[in-house]
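The values are calculated or read from the model by the stated rules, or taken from the named source; none is laboratory data. Nothing here was measured: the structure is a model prediction, and the numbers come from that model. Because the Cβ atoms are built from the backbone with ideal geometry, glycine has one as well, and the counts that use them run over all protein chains shown. Surface accessibility is based on the protein's heavy atoms, side chains included, excluding ligands, DNA and RNA. Shrake-Rupley method; radii C 1.70, N 1.55, O 1.52, S 1.80 Å.
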Amino acid sequence: MKATLATIAVIVLALSCTSEAVQVEENGLSFSLEAVKRLQELSGGSAATEVQNPRLRASTVSLCADPMLPQEFLPLCRQRGASASLTRLAAVPMDVCEICAFAACTGC
């Protein structure tokens, strides 16, 4: 029984470590995959066509002010060009990033 619990604990720990290991790089900064997923939820999607969407560009100011935005994006929000960077991050294809087939994703 103890061995089974120990095995389950090790598996859960390993899975949690691997989900945090993938990093998405943008403008010299790294963000966890989970934070980028949260950004995409807040911005309303992740389709590459949204890069051209002017509403997304206009809403990046409100994204930076959103209390639900992960704290790791705050340094990016303070940089010049934050709108373009947040727009690119919102367009990162998650299914491709999770297998590290996207150039901005590292740590697999």
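Residues being outside any loop (DSSP other than H, G, I, E, B), open to solvent by less than 30 Å² (accessible area, probe 1.4 Å) and at pLDDT 75 or above: count how many of those fall in the range 88-104.
Looking only at that region, the number is 3.
Which one is modelled with the highest pLDDT, of the residues in the range 51-87 that are closer than 17 Å to Glu41 by Cα, of a type in the set (D, E, K, R) and open to solvent by 60 Å² or more (accessible area, probe 1.4 Å)?
Per the criteria, the residue is Glu72.
Residue by residue through the range 21-38, note down the ones that are assigned to a helix (DSSP H, G or I) and out of contact with any Leu (no Cβ under 6 Å at 6 or more places or on another chain).
Once the filter is applied, which keeps residues that are assigned to a helix (DSSP H, G or I) and out of contact with any Leu (no Cβ under 6 Å at 6 or more places or on another chain), the range 21-38 yields Ala21, Leu33, Glu34, Ala35, Lys37, Arg38.
Between residues in the range 75-86 that are part of a loop (DSSP other than H, G, I, E, B) and residues that are open to solvent by 30 Å² or more (accessible area, probe 1.4 Å) and modelled with pLDDT under 90, which pairs lie under 8 Å by C-beta distance while being six or more apart or on different chains?
Gln79/Asn27; Gly81/Asn27
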